Amino acid sequence: MIDALPPQGIPAEQVLAELRGLRSADLPTHGGRLFAYVYDPARAGLDQLAMSAYALSAHVNGLDPTAFPSLLATENALVAAAARVLGAGPGTAAPDVVGSVTSGGTESLILAVKTARDAHPEIAHPRLVIPSTAHAAFAKAAHYLGVELDLVPVDPVTCVPDPAAVAAAITAETVLVACSAPSYAHGVVDPVGQIAAIAAQRGVRCHVDACFGGWALPFLRRIGLDMPAFDFAVPGVTSMSVDLHKYAYTPKGVSVLLHRDASLRRPQYFAFADWPGYTMINPVISSTRSGGPIAAAFATLRHLGDEGYLELARQTRDAVTGLAAAVAATDGLRLLTPADYTVVCLTSDDPELDLFVLADELAARGWHTQPQLPFEGIPASIHLTVTASVAPQVAQFGPALAEAAAAARAQGPVRLPEELLAMAAHLQPDQLTPELVGGLAESLGLGGEPGAAPRLAVVNTVLSAAPPRLRERLLVEFVSLLQRPSW
Ligand SMILES: Cc1ncc(COP(=O)(O)O)c(C=O)c1O
């Protein structure tokens with residue numbers, strides 16, 4: 001075990017060597033073979049620039065923008081850039097747009113929901129309407145903020161929500177309607193125009209969650225892709241979120257939340273003067289926050305520039321087209337949803353080709369994808385978030401996919417013992433004890449050597465058999481077992 005507080009300090013080089021050693025067990029953040037979690041533009045020198053900028057501002061504190069004008073200036077510049085990318089700003093249909101920099105998509109969404117809730121203090125039991133494919137961060141926001149969630153199912157084939165069903169879900173207590181551009185799981189852009197029009201007609205705010213693709217879609221449109229309007233050009237859209245730490249390729253910790261005007265944003269702020277310390281005024285959830293991620297984002301955007309993002313969009317599109325063709329060419333596999341933007345989402349039509357086994361076989365060959373469990377008539381799938389760094393890897397993906405599919409077929413699907421399936425289907429979440437989860441994790445081979453690639457197909461099959469509440473509880477207990485002090 002590594003002691004974070006040794007009796008005597010360790011020389012800098014040695015500490016860095018230790019960290020490098022720990023990092024070597026991680027999935028590869030660069031190289032275009034990890035299709036989730038990371039966004040890699042594969043631009044020489046960009047990491048170094050971002051890290052230098054980060055170091056310059058790491059100790060700057062966003063608590064007070066008047067004390068650190070550099071932070072205010074860079075934040076305002078990032079907000080203006082995000083607004084411009086999303087169809088707002090001078091000379092557009094949303095000239096009075098304002099915004100804030102947050103730590104990530106989840107914080108942006110929590111704040112969008114909080115702002116909508118606090119705009120209606122007269123509503124005792126506020127409600128949020130979202131398609132069931134909207135990001136789980138909305139559920140987290142609703143849970144944290146005491147807002148009821150109204151989930152609108154999507155078409156299980158297209159994964160698109162029906163605007164009429166959204167309309168039917170709106171009540172007098174609805175404070176916000178939200179939709180995605182695009183959704184994370186399947187890369188589908190919701191019918192923003194229709195949903196925003198319905199919300200506007202009912203006098204309800206409408207948030208477009210463009211956290212995932214909001215920095216990709218506008219550049220893809222400019223290189224010639226056809227897509228419906230999804231941004232501030234759409235009347236009725238009152239707020240939008242876009243994560244810079246996704247397709248703007250900045251280091252982690254930066255998202256932008258935009259509101260069509262300052263009056264819509266006002267309930268986002270938290271100010272408190274009834275205590276003896278400094279008067280607190282926070283636009284976001286954190287109070288003290290580092291200037292590091294913001295400076296790094298600013299440096300990344302300025303260095304790449306508009307032209308740079310257009311080029312990255314071209315490379316990403318080439319990669320998506322190549323990966324989609326590889327899927328189409330593989331017997332038994334097909335695209336679950338059209339690979340229209342930056343996501344490739346595939347599924348299997350062959351009962352002998354188990355997607356969870358396939359994902360493990362791909363991982364064993366160095367290709368790290370994201371399996372997705374079946375959900376309300378939508379089959380299990382494998383998700384690939386595609387970034388510019390994937391382009392040079394595409395030629396090797398096809399053969400790897402064919403080989404992994406053959407290996408998965410040879411192994412056959414995961415077949416769980418009947419007792420385990422029955423337990424997964426019927427166990428009540430409250431019956432789960434840490435001991436039971438520990439035993440289960442061990443029997444599924446999850447207690448293995450750190451760094452050894454776990455075979456997750458069995459775990460995913462167990463989770464697929466369990467209802468969502470039990471899945472959640474299993475995951476909580478499991479992660480709680482992992483998160484223990486390393487004495
Ligand atoms: C559409 C969408 N919204 C919100 C989020 C949450 O973002 P974060 O992980 O930065 O909190 C994500 C993350 O993937 C996303 O894809």
Inset, instruction - Tell me, please, whether a residue that is within 16 Å of the ligand (Cβ to nearest atom) and either polar (S, T, N, Q) or at pLDDT 95 or above (or both) can be found in region 164-173. - result: no
Inset, instruction - Quickly run through region 119-146 and pick out the residues that are of a type in the set (D, E, K, R) and out of contact with any Leu (no Cβ under 9 Å at 6 or more places or on another chain). - result: GLU122
Inset, instruction - Could you tell me whether region 164-173 includes any residue that is touching a His at 6+ places or on another chain (Cβ under 9 Å) and either of a type in the set (Gly, Ala, Ser) or buried (at least 24 other Cβ atoms within 10 Å of the Cβ) (or both)? - result: no
Inset, instruction - Only residues that are in contact with a Leu (Cβ under 9 Å, 6 or more places away or on another chain) and within 12 Å of ASN460 (Cα to Cα): list them for region 359-376, please. - result: ALA359, ASP360, GLN370, PRO371, GLN372, LEU373
Legend entry - So ASP3, is it in a loop (DSSP other than H, G, I, E, B), under 30 Å from LEU323 (Cβ atoms), out of contact with any Leu (no Cβ under 7 Å at 6 or more places or on another chain) and acidic (Asp, Glu): no
Inset, instruction - Keeping to region 230-249, report how many residues are part of a loop (DSSP other than H, G, I, E, B), under 22 Å from GLY193 (Cα atoms) and within 14 Å of the ligand (Cβ to nearest atom). - result: 1
Inset, instruction - Kindly provide the set of residues from region 174-188 that are within 11 Å of the ligand (Cβ to nearest atom) and aliphatic (A, V, I, L, M), ordered by number. - result: ALA178, ALA181, ALA185, VAL188
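Could you say which residue among ASP155, ASP209 is charged (D, E, K, R) and either out of contact with any strand residue (DSSP E or B) (no Cβ under 9 Å at 6 or more places or on another chain) or more than 25 Å from SER255 (Cα to Cα) (or both)?
When all the criteria are applied, what remains is ASP155.
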Inset, instruction - Scan region 132-146 and report the pairs whose first residue is outside the structural domain of VAL188 (by TED's automatic domain parsing) and among the β-branched types (Val, Ile, Thr) and whose second residue is within 8 Å of the ligand (Cβ to nearest atom) and in a loop (DSSP other than H, G, I, E, B), with Cβ atoms within less than 7 Å and a gap of 6+ or a chain change. - result: none
Inset, instruction - Kindly indicate the residue of region 287-326 that is under 18 Å from HIS383 (Cβ atoms), of a type in the set (A, V, I, L, M, F, W, C) and touching a helix residue (DSSP H, G or I) at 6+ places or on another chain (Cβ under 7 Å) and also surrounded by the fewest Cβ atoms within 10 Å (Cβ to Cβ) among those meeting that condition. - result: ALA326
Inset, instruction - Quickly run through region 47-71 and pick out the residues that are surrounded by 16 or more Cβ atoms within 10 Å (Cβ to Cβ) and farther than 18 Å from LEU304 by Cα. - result: SER57, VAL60, GLY62, LEU63, PRO65, PHE68, LEU71
Legend entry - Odd one out for VAL192 among (1) crowded, with 19+ Cβ neighbours inside 10 Å; (2) without any contact (Cβ under 8 Å) to a residue 24 or more places away in the chain: (2)
Inset, instruction - Kindly indicate the residue of region 200-229 that is among the hydrophobic types (A, V, I, L, M, F, W, C) and either within 14 Å of the ligand (Cβ to nearest atom) or in the same structural domain as GLU311 (by TED's automatic domain parsing) (or both) and also surrounded by the most Cβ atoms within 10 Å (Cβ to Cβ) among those meeting that condition. - result: ALA210
Inset, instruction - Please indicate, with yes or no, whether at least one residue in region 364-381 is of a type outside the set (Asp, Glu), farther than 23 Å from ASP340 by Cα, in a helix (DSSP H, G or I) and at pLDDT 95 or above. - result: yes
Legend entry - Residues of region 426-459 satisfying the condition of being at pLDDT below 85, among the small types (Gly, Ala, Ser) and either crowded, with 16+ Cβ neighbours inside 10 Å or farther than 21 Å from ASP26 by Cα (or both): GLY438, GLY439, ALA441, SER443
Inset, instruction - Scan region 260-300 for residues that are of a type in the set (A, V, I, L, M), over 20 Å from ALA80 (Cα atoms) and over 25 Å from the mean Cα position of the chain (by Cα) and jot them down. - result: ALA271, ALA273, MET280, ILE281
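Is it true that GLN194 is out of contact with any helix residue (DSSP H, G or I) (no Cβ under 6 Å at 6 or more places or on another chain) and away from the ligand (no atom under 11 Å from the Cβ)? I'd like the intermediate steps shown before the answer.
Values: out of contact with any helix residue (DSSP H, G or I) (no Cβ under 6 Å at 6 or more places or on another chain): no; away from the ligand (no atom under 11 Å from the Cβ): yes.
Here the answer is no, as GLN194 does not meet what is asked.
The values are calculated or read from the model by the stated rules, or taken from the named source; none is laboratory data. Worth saying up front: this structure is predicted, and the values here are computed from it rather than measured. Here Cβ is always computed from backbone atoms with ideal geometry, including for glycine, and neighbour counts include all displayed protein chains.
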